[in-house]
Amino acid sequence: MRAVRPRLRHHALALLLILPGMARASDGYFSQGYGVVAKGMGGAGIAYAAEALSIAANPAAASWLGDRAEADLQFYKPIRGAAITGNSLAPDASYSGNGMRRFVIPEAAVTYRLSPHWATGVALYGNGGLNTKYGTNPYERFGGSGTAGANFAQAMISPTLSYRFAAEHSIGLSLNIAFQQFETYGLKVFSAYSQSPEAVSNRGVDNASGLGVRIGYLGRFTPWLAVGAMWQSVTYMDSFRKYSGLLANGGNVDIPSAYGIGFDVTPVPDVDFVLDVEQINFHDVNSGGDPIGFLFAGRKLGAPGGPGFGWRDCTAIKLGVNWHATRRLQLRVGYNHASELISESQTFFNIVAPGVMQHQWTAGASWALSHRWQISGAATYSPSVTVDGASNSIPAAFGGGRVNLNLGEIAFTLGGEYRF
């Protein structure tokens with residue numbers, strides 16, 4: 001394993017260079033969906049093999065896609081912030097976390113049919129992330145100084161192999177080669193609560209890499225019903241050593257396991273109704289799932305099983321409709337609902353990671369330029385959601401009161417596909 005690490009890190013660093021500014025909070029902090037077609041249908045794609053990037057949702061899709069390549073760019077603008085009320089140390093105040101206003105995320109994939117039974121492919125995509133930058137430090141009243149914020153990004157390279165074991169049924173396996181980047185600043189106020197006070201904040205960018213797997217199944221049971229399923233293991237990551245005093249287990253942030261099921265129903269010709277239900281298990285990761293209350297129960301920041309962001313497991317429900325309006329034109333709409341990631345009691349530490357978005361409305365279209373080329377676009381609107389902190393969401397040691405968090409987003413995706 002040690003011999004593999006240098007090569008893995010080299011590929012991961014190369015991946016980062018083509019995934020700049022990737023920090024999007026959608027389903028928890030996972031991406032809404034993979035590929036421009038899926039993004040137009042609320043992210044649904046476990047049972048809908050419509051584009052090369054479908055293998056990022058379900059590796060079994062490679063058997064249904066043939067020989068094709070796809071690339072797209074997503075442009076998005078998050079709107080995030082926080083408010084502090086009822087705190088004894090300073091008056092009520094609101095804070096904007098929009099120091100970085102716009103982001104671009106590229107993604108790409110290729111699939112290739114090896115034989116009537118075997119297919120392969122590789123996908124390159126951003127799995128998710130979070131970003132904030134507060135010009136006025138919300139923690140200043142507690143002793144913080146300077147600009148405050150955090151950037152957490154995840155990217156994946158997923159080589160895939162799929163086997164069609166019957167005429168209408170396939171299974172698939174992807175190796176998730178993962179890369180993470182993390183930086184935080186303006187949080188030195190928490191150094192007094194850390195096992196490694198020098199490794200809490202303002203340490204610059206740190207990188208980590210790791211490995212996991214995703215397996216999937218896709219089958220068509222009738223001409224009008226296809227069913228898909230996927231399971232993703234925990235992706236075991238290196239630690240962020242520069243932040244070993246902030247993140248639990250000495251700076252470790254594994255990528256949690258996930259599983260899901262999808263349905264593609266075609267009640268009338270040329271109209272597909274797609275439904276995905278996905279579960280993301282943030283409790284797998286101490287840095288994500290452990291509550292801040294552990295800090296006041298004797299567990300220091302950075303310690304084994306130490307305090308984290310207190311994220312709940314996330315259930316995402318994705319609904320979409322795709323209509324083949326003409327021989328060249330497809331139109332689609334969708335909706336994505338994510339369960340509440342951050343509870344009212346956990347808002348204080350999540351000022352720098354306000355992953356509270358729950359509702360995403362989407363629309364998209366594709367136009368076939370020829371039998372080989374297709375261009376597509378998608379738009380996402382996520383109305384701002386506010387989580388009002390509990391009356392004691394700011395610990396008594398910091399003067400009590402509550403923290404309220406808000407997050408919304410507007411995004412556009414443009415992409416093209418070539419069939420060879």
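Residue-by-condition table, conditions (1) without any contact (Cβ under 8 Å) to a residue 40 or more places away in the chain; (2) within 30 Å of Gly334 (Cβ to Cβ):
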position	(1), (2)
Gly219	no, yes
Thr222	yes, yes
Val234	no, yes
Met237	no, no
Phe240	no, no
Ser244	no, no
Gly262	no, yes
Val265	no, yes
Gly289	yes, yes
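Name every residue in region 265-303 that is modelled with pLDDT under 95, assigned to a loop (DSSP other than H, G, I, E, B) and within 23 Å of the chain's Cα centre (by Cα), in order of residue number.
Scanning region 265-303 gives Val285, Asp290, Pro291.
For (1) under 18 Å from Leu187 (Cβ atoms); (2) surrounded by fewer than 16 Cβ atoms within 10 Å (Cβ to Cβ), each residue gets a yes or a no:
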site	(1), (2)
Ile280	no, no
Ser287	yes, no
Ile292	yes, no
Phe296	yes, yes
Leu301	yes, no
Pro304	no, yes
Pro307	yes, no
Arg327	no, yes
Gly334	no, no
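Taking Ala38 as the residue in question, decide whether it is assigned to a strand (DSSP E or B), touching a helix residue (DSSP H, G or I) at 6+ places or on another chain (Cβ under 8 Å), at pLDDT 95 or above and farther than 30 Å from Asn137 by Cβ. Step through it out loud before you land on a result.
Working: assigned to a strand (DSSP E or B): no; touching a helix residue (DSSP H, G or I) at 6+ places or on another chain (Cβ under 8 Å): yes; at pLDDT 95 or above: yes; farther than 30 Å from Asn137 by Cβ: yes.
Spelling it out, it is not the case that Ala38 is assigned to a strand (DSSP E or B), touching a helix residue (DSSP H, G or I) at 6+ places or on another chain (Cβ under 8 Å), at pLDDT 95 or above and farther than 30 Å from Asn137 by Cβ.
Identify all residues within region 323-376 that are touching a Ser or Thr at 6+ places or on another chain (Cβ under 8 Å) and hydroxyl-bearing (Ser, Thr, Tyr); write none if there are none.
Correct list: Tyr335, Ser339, Ser345, Thr347, Thr362, Ser366, Ser376.
Where residues in region 147-195 are part of a helix (DSSP H, G or I) and small (Gly, Ala, Ser), which of them is farthest from Pro116 (Cα to Cα)?
We begin by selecting, within region 147-195, every residue part of a helix (DSSP H, G or I); these are 188-193.
Restricting the remaining residues to those that are small (Gly, Ala, Ser) gives 191-192.
Working: Ser191: 59, Ala192: 62 Å.
Among them, the one singled out is Ala192.
Of all the residues that make up region 387-411, how many are surrounded by fewer than 21 Cβ atoms within 10 Å (Cβ to Cβ), over 26 Å from the mean Cα position of the chain (by Cα) and hydrophobic (A, V, I, L, M, F, W, C)?
Matching residues across region 387-411 total 4.
Given the options Thr160, Thr184, Thr147, name the one that is surrounded by fewer than 17 Cβ atoms within 10 Å (Cβ to Cβ) and not basic (Lys, Arg). Steps first, answer last, please.
On the way: Thr160 fails: surrounded by fewer than 17 Cβ atoms within 10 Å (Cβ to Cβ); Thr184 fails: surrounded by fewer than 17 Cβ atoms within 10 Å (Cβ to Cβ).
Exactly one residue qualifies, and that residue is Thr147.
In contact with a Phe, Trp or Tyr (Cβ under 6 Å, 6 or more places away or on another chain), more than 16 Å from Gly186 (Cα to Cα) and exposed (fewer than 14 other Cβ atoms within 10 Å of the Cβ): does that describe Phe103?
Numbers: in contact with a Phe, Trp or Tyr (Cβ under 6 Å, 6 or more places away or on another chain): yes; more than 16 Å from Gly186 (Cα to Cα): yes; exposed (fewer than 14 other Cβ atoms within 10 Å of the Cβ): no.
No: the conditions fail for Phe103.
Mind checking whether some residue in region 348-364 is within 16 Å of the chain's Cα centre (by Cα), at pLDDT 95 or above and surrounded by 15 or more Cβ atoms within 10 Å (Cβ to Cβ)?
Checked region 348-364: at least one residue is within 16 Å of the chain's Cα centre (by Cα), at pLDDT 95 or above and surrounded by 15 or more Cβ atoms within 10 Å (Cβ to Cβ).
The values are calculated or read from the model by the stated rules, or taken from the named source; none is laboratory data. All values derive from a computational prediction rather than experimental measurement. Note that each Cβ is placed from the backbone with ideal geometry, even for glycine, and that neighbours are counted across all protein chains shown.
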